[in-house]
Number of protein chains: 2
Amino acid sequence: MTTGVRRRMGVEERRRQLIGVALELFSRRSPEDVSIDEIAVAAGISRPLVYHYFPGKQSLYEAALRRAADELAARFQEPHEGPLGARLLRVMGRFFDFVEEHGPGFAALMRGGPAVGSSTTNAMIDEVRQAAYVQILAHLGVTDPPARLELVVRSWVSLAESTALLWLEGRRIPRAELELQLVHDFTALAAVSAAYDDEVAAILLGIVAGEPADGPLGDLMGRLASLLPRVPAQRVP
Amino acid sequence: MTTGVRRRMGVEERRRQLIGVALELFSRRSPEDVSIDEIAVAAGISRPLVYHYFPGKQSLYEAALRRAADELAARFQEPHEGPLGARLLRVMGRFFDFVEEHGPGFAALMRGGPAVGSSTTNAMIDEVRQAAYVQILAHLGVTDPPARLELVVRSWVSLAESTALLWLEGRRIPRAELELQLVHDFTALAAVSAAYDDEVAAILLGIVAGEPADGPLGDLMGRLASLLPRVPAQRVP
C-alpha cells in the first residue's frame, strides 16, 4: 500500500508531502525533538527515501521554514480599504492563527537554537519581518519613511513577535485581547515618536483622523481619557 | 618576552586574559569572523595554548558571553531612590553604553546564527532578560505581577533589545534620544495595558504620581497634550 502510494508520487509532490508532514510534527513538538525517523514513519516511507529528497534534517527544516515563511507573509496581505486600525486588527488575527497553528515550531524558530539558528533560517525570518515592514508602510501610504517611523514600525514588528512568543508560553491572556493590544501598542509607540518628530506626528494624525470612534483606536482613546482624570487624584496622597 | 609573560600567568588569569581579548575582538567584528588564530596572536600566545585553556572556539565564546552577560546584568542595578522615569533612563544609558562597547558582538549574539545559537548561549541571554525583568518589578514594588503586567515588562525588555539592534545597524537616530524613547515606550505600553486592566492601571497611576513635571515622563505628557488638540483639526480635511 505504502509502496503503491510512493510509486505514484513525483519528486515535487513527495517533497511537498514531506514538508507538510514535518510542519505538522513541528506544530506539536520543537523541531529539535523531531527525528527524520519520525518524519519517515508519518509520511509512510523509509528513512533512506527521506534522505533521497532532503540530504539532511537541516535541508528539510529549511524547506519547511520556506513554506511557513511564505504562508505567513501571505497572511499580511490586506486590502487597502477602511480604517487602518481595523485593517491591522484583521492582520493580527491571521498572525495569531499562524502562531497557534505552528506553536512549538514557531517558538523554536524565533528563539533560535542549535537546530534552527543557521544564516539561511535567519535570512528567511528577516525576510518575513521585512515583508511585514513593507506592508505596513504601504498601508500608511509612506514610500520614504523618516528614520523615526522606520524605527517605530520595525520595533513594533519585533514587539508582535515577542508578544506572540510570550502568549505561547502560558496562554495566560486570551489571544483576542493580545491582537487588540498590539494594534494599540502600534499607536502608542507611534504617539511617543510623534511627540518628538513632526513628520511622524503628521502621519499619526492622518491615521487617527480616519478612525471611527467605535474602532479599536477610538476605544483605546476613550479608555485612556477616562484613566487620565485619575492622575491628579493620585498625586495628592 | 611573550614566554616570560606566559610563565607568570596562572590558569585563571590566562583564561580571563583570553576572554578579554575575545570580547575586544568581538566588539569590532562579528564572532563568526574572528578566528582562534587571531585571538592567539592578540593574546601573544600560540594557537595550541589557546586550546589548552578553551577546548574550542564555542567554549571560549561561551565564556566571553558569560562575562558580558554578568556585566550587563550588573548595569541594571540602580538605587531605589527618586522618580522611576529617571531611574529607568539612567539604566538605559548604561545599557546603550554596553551595546556601544560590544557592538558587533552584541548584534551577532542577539541575532543568533551558526556560531552563537546554542542552547547554552540562549540560556544566558534569557538569564539577562530575566534579570532585567526582576529588576523592573523590584523598582515597581511588585512581587506577584498580574499576567498583563508581566507581558508589559517582558515585551518591553524585548523592545529595548530590538531598538538597540536597529540603532547599531545605521545609528540614524542619536542614542540619547532612543534611551529617552524607551522610557516613554515603557510608559506607553503600560498605559495601553492599564486602559484594559485595573491592576495595571493602579500601578501606572502610582508611577505617574511620583513623576516630576520636568522628568522624562512629564516631558512626554506635555508634548502629547500639545499634540492631541491637533487631532480634531485633522478630522476635517
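Considering helices alone, the calculated mean residue ellipticity of chain B at 222 nm is -25000 deg cm²/dmol, with DSSP H runs of length four and up weighted by -39500 (n - 2.57) and normalised per residue. Projecting 7 Å from Cα along the Cα-to-Cβ direction, the label point of A:Glu38 sits 3.9 nm from its equivalents in the other copies, listed shortest first. Note on B:194-201: average number of Cβ atoms from other chains within 10 Å of each residue's Cβ is 4. Dipole check for region B:6-117: with +1 at the C-beta of Lys and Arg, -1 at the C-beta of Asp and Glu, and the Cα centre as origin, the magnitude is about 360 Debye. Shown for A:Ala225: label points 7 Å from Cα along the beta-carbon vector, and their distances to the equivalent points in the other copies, 1.7 nm in ascending order.
Other protein chain C-beta atoms within 10 Å of residue C-beta, averaged over B:181-191: 5. Could you tell me the calculated FRET efficiency between A:Glu169 and B:Met9, based on Cβ-Cβ distance and R0 = 41 angstrom, to the nearest 0.05? Working from the Cβ atoms, E equals 0.40. Net charge of the neighbourhood of B:Ala86, taken over other residues with C-beta under 15 Å away and scored Lys/Arg +1, Asp/Glu -1, is -3. Taken residue by residue and averaged, Cβ atoms of other chains lying within 10 Å of the Cβ of B:146-157 number 4. Sorted fewest first by neighbouring Cβ atoms within 10 angstrom, B:Thr163, B:Thr120 come out as B:Thr120, B:Thr163. Rounded to whole numbers, the Karplus 3J(HN,Hα) couplings from phi for region A:53-65 are 8, 9, x, x, 4, 4, 6, 5, 4, 5, 5, 5, 5 Hz, using 6.51 cos²θ - 1.76 cosθ + 1.60 with θ = phi - 60°, and x at Gly and Pro. Remark: the Cα gyration tensor places the protein assembly as shown in the oblate category, a/c being 1.5 or greater and a/b not exceeding b/c. Give, as a single signed number, the net charge of other residues whose beta carbon lies under 14 Å from the beta carbon of B:Ala164, with Lys and Arg counted +1 and Asp and Glu -1. Residues near B:Ala164 contribute 0 overall. Ascending distances from the B:Pro174 label point to its copies in the other chains, with the point 7 Å along the Cα-to-beta-carbon line: 4.6 nm.
Measure nothing fancy, just the Cα-based angle from helix A:216-227's long axis to the longest principal axis of chain A, in degrees from 0 to 90, nearest 10. Its long axis makes an angle of about 50 degrees.
Among B:His139, A:Leu189, B:Ile36, whose Cα sits farthest toward the positive end of the charge dipole of the protein assembly as shown (+1 at Cβ of Lys/Arg, -1 at Cβ of Asp/Glu, about the Cα centre)? Farthest along the dipole direction, towards plus: B:Ile36. With the simple model of a label 7 Å out from the Cα in the direction of the Cβ, B:Asp214 to B:Arg67 spans 4.2 nm.
The angle between the Cα long axis of helix A:175-194 and the main principal axis of chain A comes to about 50°, on a 0 to 90 degree scale. Here the residues A:Asp144, B:Asp33, ranked from fewest to most Cβ neighbours within 10 Å of their Cβ, fall in the order A:Asp144, B:Asp33. Principal-axis analysis of the Cα atoms of chain B puts helix B:198-209 at an angle of about 90° to the longest axis.
All of the numbers you see were taken from the coordinates with simple rules; none came from a lab. Everything quoted here is computed from the prediction, not taken from an experiment. Every residue, glycine as well, gets a Cβ built from its backbone with ideal geometry; the counts of neighbours run over all protein chains shown.
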